[in-house]
Every structure is written in C-alpha cells, then in structure tokens.
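The values are calculated or read from the model by the stated rules, or taken from the named source; none is laboratory data. From a predicted model like this one, the values you see are computed outputs, not experimental measurements. Here the Cβ is made from the backbone with ideal geometry for all residues, glycine too, and neighbour counts use every protein chain on show.
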Amino acid sequence: MKRFGLIGFPISHSLSPAMFRAGYGEKWGRDYYYDLISGDDFGTSYRKFTECYDGINVTAPFKEKAFCHADAAEPGCAGIGAANLLLKAGNEVYAYNTDYYGVRMCIEKAMRANGKTGKESSVLVVGCGGAGKAAAAAASGLCRKTIIVNRSREKAEDFAQRLTDKNITILGTEDFRDCFREADIVIHTLPAVPGILDCLAAEDFAAGKDRPYGKIILEANYRNPQFPGLLKRIAQEENGLTCLSGYIPGTEWLLQQAIAGFEIFTGEHPDEDRMAEVAQQAQVLPV
C-alpha cells in the first residue's frame with residue numbers, strides 16, 4: 001500500500017482526505033491510503049513524511065519550506081518558488097505545485113467552452129500571494145498577455161523576474177479597475193478584503209469587438225467568495241447582466257488541483273465525479 005498525506009497548520013478542516021478517498025474508490029485502504037500529518041513544526045512533519053509516506057500535499061504555512069527541502073522541482077513549481085506536493089522518487093524528493101495545473105485546466109476548459117484559445121486572451125491576476133503566483137505562472141504560459149495587480153509592486157516584480165516567460169506586466173491596485181475592464185479572464189486570488197471590488201459596475205464586465213463572448217472570472221476563494229454577491233448586485237441594479245461569459249468558483253480550482261495531485265501520486269486518473277461531490281462541500285463549510 002502507498003501512503004500519502006497532508007502537512008500544514010491548521011489542517012483539521014481539510015477536505016483532502018475525503019477527496020482522495022473518493023478518488024481512490026475501491027482501492028482505498030487496499031492500494032492507497034491518505035491521512036493528515038498534523039503539527040505546527042515543519043521539521044517534524046517533514047521527517048514523518050520521509051520516514052512513513054510516499055508523497056504528501058503541503059498547505060500553509062509550509063509551502064516555501066517544502067520547496068527548499070526538495071532535491072528537484074518541475075518547471076512550474078520552480079518559477080513559483082513554493083510547493084504544495086512532494087513525491088519520493090528513489091532516493092530523491094521532487095516538488096510540484098498543483099495549483100499551477102489547476103489554473104491551467106480551468107483556463108483551458110473555459111476557453112474551449114467559448115471556442116477560443118489562451119493565445120487570444122489576456123489575463124488579469126489580482127494578488128501575488130501563493131495562489132496568485134501559481135495563477136500568473138500558469139496564465140503566462142497559456143495566454144498572450146498577463147497582468148498582475150498587487151498592493152506591493154516590488155514583491156510582484158521580484159516574482160515575475162523568476163519566470164522564464166517574461167510576458168507579464170506588474171501594476172498597482174490603483175490600476176485595478178482599468179485592467180479589469182480590459183481583461184478577457186480575471187483570476188481573483190485575494191481573501192475577502194472589503195472595498196477592492198466596490199468600484200466595479202456593469203460596464204466593466206461588458207463584451208466588446210474583440211471579446212464578443214464576455215468576460216470569465218475565476219475566483220480562488222471558495223470558503224468566502226466575493227463575486228457571486230457582486231454579480232447579483234450588478235444584475236439587480238442594471239436589470240440583468242448578460243455580458244459575463246462564465247464564473248468559475250474556487251471549488252473548481254480546488255477540484256482540478258486535487259485531480260492533478262492524484263495523478264502525480266498514483267499515475268492513475270481518479271473518479272472525478274466523486275471527487276467533485278466532495279469539493280462542493282467546501283461551499284457549505286464554516287469559515
């Protein structure tokens with residue numbers, strides 16, 4: 001039996017064990033096992049991994065430390081500088097970032113649904129924390145133009161310099177509304193911070209000559225999402241909102257990154273439908 005788990009703190013609320021168990025199906029407890037490796041000390045958790053597990057997922061606040069402890073990293077993870085999955089391969093530990101793959105899958109699915117390709121699309125990434133870095137790294141390899149809007153421009157610029165794809169523009173939050181209006185795809189990675197979305201109105205979502213299909217929104221926050229309420233307000237004020245092509249909730253990102261992690265761990269494709277059922281539970285969990 002191969003053993004996998006999750007390190008980070010706190011993690012008692014994590015859906016990862018339930019999602020992976022759903023994906024394993026009848027192989028759970030026979031071929032594969034997944035549990036939580038609880039603890040607030042990275043060194044202790046990492047030692048448990050090396051002694052008892054074949055691979056682990058990594059969540060806050062251990063992602064940077066996990067990346068630094070790996071012997072090698074796949075390219076997307078190296079550009080981000082943080083890992084959320086470690087896998088043993090012989091005597092070495094390899095680092096991955098499945099948020100990177102989750103964003104790629106979300107963008108590609110949205111583009112196919114609208115008959116477009118990423119190379120025809122511009123992306124705005126709001127925020128440059130862990131999720132924002134993964135989103136920008138994924139988008140910069142898929143789309144013709146990527147803009148990061150972040151409160152600290154210096155932090156975002158330092159990150160952009162590490163990427164091999166330099167097709168990234170860094171702007172401050174004062175440019176948020178103009179960038180939002182022009183972007184084909186918006187990836188919002190900030191927590192529920194009051195005020196930043198208050199400036200948006202219906203015309204900021206409008207389709208145009210080069211974007212007849214409207215705008216696509218991908219929101220990372222699945223515990224306390226901001227866009228559903230905003231879109232409802234605008235629709236009421238403007239008597240209907242018809243120019244939004246699609247809203248992708250954070251639960252879809254959660255699902256796609258988990259599927260990528262499952263495949264890296266096992267080399268197999270999971271039962272997506274059963275994993276999706278578990279992911280949807282994240283929307284009703286208390287914050």
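Some notes on this structure:
- Unmet criterion (only one of (1) more than 29 Å from ALA113 (Cα to Cα); (2) at pLDDT below 90) for GLY172: (2)
- Qualifying residue in region 9-22 (condition: assigned to a strand (DSSP E or B) and of a type in the set (Val, Ile, Thr)): no
- In region 35-118, counting only helices (runs of 4 or more DSSP H) that sit wholly within it, the ones holding 3 or more residues that are in the same structural domain as GLY132 (by TED's automatic domain parsing) span 98-113.
- Number of positions in region 3-17 that are among the hydrophobic types (A, V, I, L, M, F, W, C) and modelled with pLDDT of 95 or more: 3
- Flag if ILE37 is surrounded by 14 or more Cβ atoms within 10 Å (Cβ to Cβ) and more than 19 Å from the chain's Cα centre (by Cα): yes
- Evaluation of PRO286 against the conditions (1) at pLDDT below 90; (2) over 18 Å from SER14 (Cα atoms); (3) exposed (fewer than 14 other Cβ atoms within 10 Å of the Cβ); (4) touching a Lys or Arg at 6+ places or on another chain (Cβ under 9 Å) shows that the sole unmet condition is (2).
- Residue match in region 47-57 (condition: hydrophobic (A, V, I, L, M, F, W, C) and within 20 Å of the chain's Cα centre (by Cα)): yes
- Given (1) under 22 Å from ARG181 (Cα atoms); (2) without any contact (Cβ under 8 Å) to a residue 40 or more places away in the chain; (3) assigned to a strand (DSSP E or B), index of the condition SER140 fails: (3)
- Qualifying residues in region 151-178 (those that are in a loop (DSSP other than H, G, I, E, B) and either in contact with a Leu (Cβ under 6 Å, 6 or more places away or on another chain) or of a type outside the set (Lys, Arg) (or both)) - the one surrounded by the fewest Cβ atoms within 10 Å (Cβ to Cβ): THR164
- Scanning region 74-109 for residues being surrounded by fewer than 22 Cβ atoms within 10 Å (Cβ to Cβ), at pLDDT below 95 and among the aliphatic types (A, V, I, L, M) gives a total of 3.
- Residue count for region 16-65, restricted to those that are of a type outside the set (D, E, K, R) and in contact (Cβ under 8 Å) with a residue 40 or more places away in the chain: 21
- Check on ILE148, β-branched (Val, Ile, Thr), part of a helix (DSSP H, G or I) and out of contact with any Pro (no Cβ under 7 Å at 6 or more places or on another chain): no
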